[in-house]
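The values are calculated or read from the model by the stated rules, or taken from the named source; none is laboratory data. This is a predicted model, so every value here is computed, not measured. All Cβ positions, glycine included, derive from the backbone under ideal geometry; neighbour counts span all protein chains shown.
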Amino acid sequence: MMAKITKGSDFKGVVDYIIDKNKNTQIVAHDGLFMENKDTIAMSFNTQSQMNNKVSKPVGHIALSFSKEDEPRLTNRVMAGIALEYMERMGIRDTQFFIARHFDKEHPHVHIAYNRIDNNGNTISDRNERLRSSRICKELTMKYGLHMADGKDNVKRERLKEPDRTKYELYDILKMEVSRCGNWNVLVANLKRQGVEVHFKHKGQTDEIQGVVFTKNGYRFNGSKVDRQFSYSKIDAALRRNRYNERMGMATKAHEATTQSAPSGTVQRELFNSSLGLLNGSGSSYNAAEAEVNQEMAEMLRKKKKRKRGMRL
């Protein structure tokens with residue numbers, strides 16, 4: 001279950017959009033409106049909104065979308081009940097509204113049109129509405145046992161409009177490139193070949209980077225706005241992991257190659273110790289192994305000399 005929230009100033013526009021014969025619209029719930037036709041509905045909204053002229057966008061419009069997997073159980077009554085509970089939790093109460101179901105897309109969805117000026121002339125708060133909505137959608141999805149969407153990977157790109165179309169293009173490109181690059185220079189070069197410009201945001205007048213912005217098709221997006229995994233810090237961490245894994249892989253291949261071709265146990269040990277040294281960029285591992293061998297030899301010589309002294313006695 002997902003929600004898309006918009007606000008506006010034209011009640012007639014939102015009524016005409018939702019109650020569209022081409023979308024096989026079915027009204028599943030309503031309150032406080034004269035429902036004879038689209039004109040009387042818009043008139044009802046407008047009349048109440050005049051109780052508070054300070055609000056420039058009194059139109060509330062929310063689209064609630066559900067997964068296609070849930071369609072068999074989502075009757076009009078069930079969807080209306082979920083939508084009403086969503087409204088209550090969002091604080092959209094004591095006001096005019098209607099809820100309509102559309103059948104123009106593969107997935108089940110309903111539209112909620114409501115008056116942001118309630119029955120007493122007060123404004124329905126929109127403070128942190130998107131954060132609250134995201135949390136409530138997750139809670140209702142779990143409460144009603146609905147299908148949990150897999151995220152951006154399942155979004156149908158061909159149906160998107162700008163700037164969402166470009167944002168999802170960026171998501172796909174970044175997901176591929178970040179997973180296979182080992183540093184920022186390579187990543188920036190690969191992105192540029194695909195029409196993506198990269199700009200870094202610095203902390204004040206310092207050289208410390210604290211953010212990244214991607215530009216494509218004339219649209220600019222902060223990395224975290226494309227997806228949380230593409231903030232500067234998370235991309236940087238991913239590139240470091242890629243670089244580390246690549247070095248580990250090279251060292252492992254070197255070890256396998258040397259152990260297969262080593263002509264003797266002594267040579268094999270020397271080559272193996274050298275490959276360990278590659279991992280940390282120094283000969284520390286080799287020196288440690290050599291010291292251990294030398295210590296053992298010294299101990300053997302000491303015992304041998306002790307036995308010889310005993311024989312002389």
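Exactly one residue out of 124, 82, 62, 112 is farther than 18 Å from residue 34 by Cα, in contact with a Gly (Cβ under 8 Å, 6 or more places away or on another chain) and among the aliphatic types (A, V, I, L, M): that is 124. Just one of the listed residues (137, 181) is in the same structural domain as residue 65 (by TED's automatic domain parsing) and among the hydrophobic types (A, V, I, L, M, F, W, C), and it is 137. For the range 45-64, the tally of residues that are among the hydroxyl-bearing types (Ser, Thr, Tyr) and crowded, with 16+ Cβ neighbours inside 10 Å stands at 1.
Regarding residue 156, is this residue modelled with pLDDT under 95, under 20 Å from the mean Cα position of the chain (by Cα) and among the basic types (Lys, Arg)? Judged against the criteria, residue 156 is a match.
The residue pairs whose first member lies in the range 43-57 and is at negative phi, whose second member is surrounded by 13 or more Cβ atoms within 10 Å (Cβ to Cβ) and part of a helix (DSSP H, G or I), and whose beta carbons are closer than 6 Å, counting only pairs six or more residues apart or on different chains, are 45/11; 46/11. All of (1) at pLDDT 95 or above; (2) touching a strand residue (DSSP E or B) at 6+ places or on another chain (Cβ under 9 Å); (3) within 26 Å of residue 156 (Cβ to Cβ); (4) of a type in the set (Ser, Thr, Tyr) hold for residue 219 with one exception: (2). Yes or no: the range 94-104 includes at least one residue that is part of a loop (DSSP other than H, G, I, E, B) and without any contact (Cβ under 8 Å) to a residue 60 or more places away in the chain. Yes: the range 94-104 contains one or more residues that are part of a loop (DSSP other than H, G, I, E, B) and without any contact (Cβ under 8 Å) to a residue 60 or more places away in the chain. One residue stands out among those in the range 94-105 that are over 28 Å from the mean Cα position of the chain (by Cα) and loosely packed, with under 15 Cβ neighbours inside 10 Å: the one that is nearest to residue 3 (Cα to Cα), which is 103. Considering the range 10-54, and only residues there that are over 26 Å from residue 81 (Cβ atoms) and modelled with pLDDT under 95, the residue that is farthest from the chain's Cα centre (by Cα) turns out to be 53. Of all residues in the range 1-27 being assigned to a helix (DSSP H, G or I) and of a type in the set (A, V, I, L, M, F, W, C), which is nearest to residue 46 (Cα to Cα)? Filtering first and then ranking leaves 11. Taking every residue in the range 210-236 that is in contact (Cβ under 8 Å) with a residue 40 or more places away in the chain and within 17 Å of residue 192 (Cα to Cα) and pairing it with any residue that is among the basic types (Lys, Arg) and not in a helix (DSSP H, G or I), at least 6 positions away or on another chain, the pairs with Cβ-Cβ distances below 9 Å are 214/220. Scoring residue 166 on the criteria (1) part of a loop (DSSP other than H, G, I, E, B); (2) of a type in the set (Ser, Thr, Tyr); (3) surrounded by 14 or more Cβ atoms within 10 Å (Cβ to Cβ) leaves a single failure, condition (1).
The set of residues in the range 176-194 being without any contact (Cβ under 8 Å) to a residue 12 or more places away in the chain and more than 17 Å from residue 211 (Cα to Cα) consists of 176, 186, 189, 192, 193. With respect to the conditions (1) within 35 Å of the chain's Cα centre (by Cα); (2) of a type in the set (D, E, K, R); (3) over 22 Å from residue 86 (Cβ atoms), residue 57 lacks only one, and its number is (3).
Cβ separations smaller than 7 Å between residues 6+ apart or across chains give the following pairs from the range 149-166 residues that are over 17 Å from residue 65 (Cα atoms) to residues that are at pLDDT 75 or above and part of a helix (DSSP H, G or I): 165/157.
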